[in-house]
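Visitor: Below is a structure I'd like to ask you about.
The values are calculated or read from the model by the stated rules, or taken from the named source; none is laboratory data. All values derive from a computational prediction rather than experimental measurement. Here Cβ is always computed from backbone atoms with ideal geometry, including for glycine, and neighbour counts include all displayed protein chains.
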Amino acid sequence: MDKRIYLNNAATSWPKPDGVAEAVKKALEALPGSMHRGGIEDFDVFAAVRQRMARLMGVADGEDIALGPNATWGLNLALHGFPLEAGDVVIATKAEHNSVLRPLHDREAREGIRVLYLDTDETGCVRAEAWEEALKKHRPKLAVFPHASNVTGAVHDAAAMAALAKSFGAAVLLDASQSLGWIPVEADSWGIDMLAFTGHKYLLGPQGTGGLFVRKGIRLRPWLQGGTGIHSDLAEMPVEMPLHLEAGTGNEPSFHGLLAALEWAGEHPLETAEISSLVLCLREGLQEAGARVILPEGETTPVVSFTLPGESAADVGYLLEESYDIICRTGLHCAPKIFSCLGVPETVRLSLSRFTSREEIHAVIEAVRDIRG
């Protein structure tokens, strides 16, 4: 049994629930069943996942969900496919992941769109008044924001921010990579137009799973083009969802694993009280050990970011892993713009899961106390 303490769940969750690995193994050993692509069509795992995901994210029709390898895939579909012209404004935040920053940078450089990145506060959230002011002043065609920061765990009020954006005529893209599976999402009632998600974080599924929800009435230009198994005589991608955005053979074994994870989660509802208690214990213990801890207000994901005075984040992370068998994440966490707002160059990030124990939290606190000296 692995005795290491794994606290990098905001990157990839571990361990996976019972049945996930077995579902992947079974799919690999069985005859291929990928719908419309030459497989055995006795069970459509992609349709089953869409149905589950539709309920989870609060949308009416699972066919509006395109499935692919990760949230980066979904965000690229949305950001490269959304109709924008030179001079159009996109509003985003400095909390964005590179999966948003880089596609927007590309379109800005190549097509002349204008992107405005709003500052966050010192905990990683954009203030409501700043969001409203920017929307009113710039009247963007598209508004993008993360439901939760992967650096600090701070959670935006997605319903309120989406409603404001819609009131000023913007379409809304929500990055739910760090929230779906942990925080309730109601995309339809919130007025979300596009929602990107990944399956390997708080949904507890394997890597290679994710997707994009696209509200009816929004037509994206397909970023990927290729085979769909039907309508093969068409020169262009089929217009109907989800085929419009799903080119090529899907990762059937991993989606069997995601389906198993979703079924397990349905049978084991998330109990947040104990995990919130662990997060609070970790924050307080780190502060007592001499760390500077970023402390978001209100609802958060189980993420704790900190720095140690006089120590680089990389050195702290190295010592935690090499000397104490504690696996965490250090550096910029693929979200480089947020650090000017946080007032630190980088952080050590500890991210818990529903499987994290109190004993592990105490071990981390003691390790940081030892490093601090």
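Visitor: Sort through ALA27, ALA109, ALA21 and tell me the only one that's free of Cβ contacts under 8 Å to residues at least 12 places away in the same chain, more than 29 Å from VAL239 (Cβ to Cβ) and of a type in the set (A, V, I, L, M, F, W, C).
Guide: Sole residue among the options that is free of Cβ contacts under 8 Å to residues at least 12 places away in the same chain, more than 29 Å from VAL239 (Cβ to Cβ) and of a type in the set (A, V, I, L, M, F, W, C): ALA109.
Visitor: Take ARG349 and decide whether it is in the same structural domain as SER277 (by TED's automatic domain parsing) and crowded, with 19+ Cβ neighbours inside 10 Å. Full working, then the answer.
Guide: Working: in the same structural domain as SER277 (by TED's automatic domain parsing): yes; crowded, with 19+ Cβ neighbours inside 10 Å: yes.
In short, yes.
Visitor: Output the number of residues of the stretch 297-316 satisfying the condition of being farther than 21 Å from ARG354 by Cβ, of a type in the set (Gly, Ala, Ser) and surrounded by fewer than 22 Cβ atoms within 10 Å (Cβ to Cβ).
Guide: Looking only at that region, the number is 3.
Visitor: Of these, LEU220, LEU224, LEU212, which one is touching a residue at least 24 places away in the same chain (Cβ under 8 Å) and surrounded by 24 or more Cβ atoms within 10 Å (Cβ to Cβ)?
Guide: Numbers: LEU220 fails: surrounded by 24 or more Cβ atoms within 10 Å (Cβ to Cβ); LEU224 fails: surrounded by 24 or more Cβ atoms within 10 Å (Cβ to Cβ).
LEU212 is the lone residue from the list that is touching a residue at least 24 places away in the same chain (Cβ under 8 Å) and surrounded by 24 or more Cβ atoms within 10 Å (Cβ to Cβ).
Visitor: Test VAL344 against the criterion of being closer than 23 Å to HIS200 by Cα and surrounded by 15 or more Cβ atoms within 10 Å (Cβ to Cβ), and give yes or no.
Guide: Answer is no for this residue.
Visitor: Filter the stretch 325-341 down to residues that are within 12 Å of THR152 (Cα to Cα) and out of contact with any Gly (no Cβ under 8 Å at 6 or more places or on another chain) and give me whichever is surrounded by the most Cβ atoms within 10 Å (Cβ to Cβ).
Guide: Here the answer is HIS333.
Visitor: Another one. List every residue pair whose Cβ atoms lie under 9 Å apart, where the two residues are 6 or more positions apart in sequence or sit on different chains, the first residue falls within the stretch 171-186 and is assigned by TED's automatic domain parsing to the domain that holds ALA92, and the second residue, located anywhere, is of a type in the set (S, T, N, Q) and at pLDDT below 95.
Guide: Note: pairs meeting the criteria are TRP182/THR272.
Visitor: State all residues of the stretch 82-115 that are out of contact with any strand residue (DSSP E or B) (no Cβ under 9 Å at 6 or more places or on another chain) and part of a helix (DSSP H, G or I); if no residue qualifies, say none.
Guide: Once the filter is applied, which keeps residues that are out of contact with any strand residue (DSSP E or B) (no Cβ under 9 Å at 6 or more places or on another chain) and part of a helix (DSSP H, G or I), the stretch 82-115 yields ASN98, ARG102, PRO103, ASP106, ALA109, ARG110, GLU111.
Visitor: Could you list, in sequence order, the residues of the stretch 324-341 that are closer than 23 Å to PRO15 by Cβ and either of a type in the set (Ser, Thr, Tyr) or part of a loop (DSSP other than H, G, I, E, B) (or both)?
Guide: TYR324, ASP325, CYS328, THR330, HIS333
Visitor: Here's something else I'd like to know. ARG354 fails exactly one of the following numbered conditions: (1) assigned to a helix (DSSP H, G or I); (2) of a type outside the set (S, T, N, Q); (3) in contact (Cβ under 8 Å) with a residue 40 or more places away in the chain; (4) surrounded by fewer than 23 Cβ atoms within 10 Å (Cβ to Cβ). What is the number of that condition?
Guide: (1)
Visitor: Can you name the residue in the stretch 245-259 that is in a helix (DSSP H, G or I) and of a type outside the set (Phe, Trp, Tyr) and, of all such residues, is nearest to PHE82 (Cα to Cα)?
Guide: Out of the qualifying residues, it is LEU245.
Visitor: Can we say LEU282 is on the phi < 0 side of the Ramachandran plot, crowded, with 17+ Cβ neighbours inside 10 Å and in a helix (DSSP H, G or I)?
Guide: yes
Visitor: Condition test on LEU262, is it touching a residue at least 12 places away in the same chain (Cβ under 8 Å) and either part of a loop (DSSP other than H, G, I, E, B) or under 25 Å from PRO69 (Cα atoms) (or both)?
Guide: yes
Visitor: Kindly evaluate ILE294 against the criterion of being surrounded by fewer than 19 Cβ atoms within 10 Å (Cβ to Cβ) and either among the acidic types (Asp, Glu) or out of contact with any Cys (no Cβ under 6 Å at 6 or more places or on another chain) (or both).
Guide: Considered against the rule, which asks whether it is surrounded by fewer than 19 Cβ atoms within 10 Å (Cβ to Cβ) and either among the acidic types (Asp, Glu) or out of contact with any Cys (no Cβ under 6 Å at 6 or more places or on another chain) (or both), ILE294 comes out as no.
Let's see how each residue does on (1) modelled with pLDDT of 95 or more; (2) over 21 Å from the mean Cα position of the chain (by Cα); (3) among the hydroxyl-bearing types (Ser, Thr, Tyr); (4) closer than 21 Å to GLY343 by Cβ:
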position	(1), (2), (3), (4)
VAL100	yes, no, no, no
PRO103	yes, no, no, no
ARG107	yes, yes, no, no
ARG110	yes, yes, no, no
THR120	yes, no, yes, yes
LYS136	yes, yes, no, no
LEU142	yes, no, no, no
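Visitor: Here's another thing I want to ask about it. Mind checking which residues of the stretch 291-323 are over 24 Å from the mean Cα position of the chain (by Cα), of a type in the set (S, T, N, Q) and either at pLDDT below 95 or assigned to a loop (DSSP other than H, G, I, E, B) (or both)?
Guide: If the condition is that a residue be over 24 Å from the mean Cα position of the chain (by Cα), of a type in the set (S, T, N, Q) and either at pLDDT below 95 or assigned to a loop (DSSP other than H, G, I, E, B) (or both), then SER312 is the only one that fits.
Visitor: I'd like the full set of residues that are surrounded by 24 or more Cβ atoms within 10 Å (Cβ to Cβ) and among the acidic types (Asp, Glu), limited to the stretch 82-99.
Guide: Answer for the stretch 82-99, where residues must be surrounded by 24 or more Cβ atoms within 10 Å (Cβ to Cβ) and among the acidic types (Asp, Glu): just GLU96.
Visitor: Out of ALA48, ALA21, ALA54, ALA27, report the one residue that is part of a helix (DSSP H, G or I), of a type in the set (Gly, Ala, Ser) and in contact with a His (Cβ under 8 Å, 6 or more places away or on another chain).
Guide: ALA27
Visitor: If you don't mind, there's one more thing I want to ask. Does the stretch 63-72 include one or more residues that are touching a strand residue (DSSP E or B) at 6+ places or on another chain (Cβ under 8 Å), part of a helix (DSSP H, G or I), among the hydroxyl-bearing types (Ser, Thr, Tyr) and at pLDDT 95 or above?
Guide: Checked against the condition, which is being touching a strand residue (DSSP E or B) at 6+ places or on another chain (Cβ under 8 Å), part of a helix (DSSP H, G or I), among the hydroxyl-bearing types (Ser, Thr, Tyr) and at pLDDT 95 or above, the stretch 63-72 yields at least one hit.
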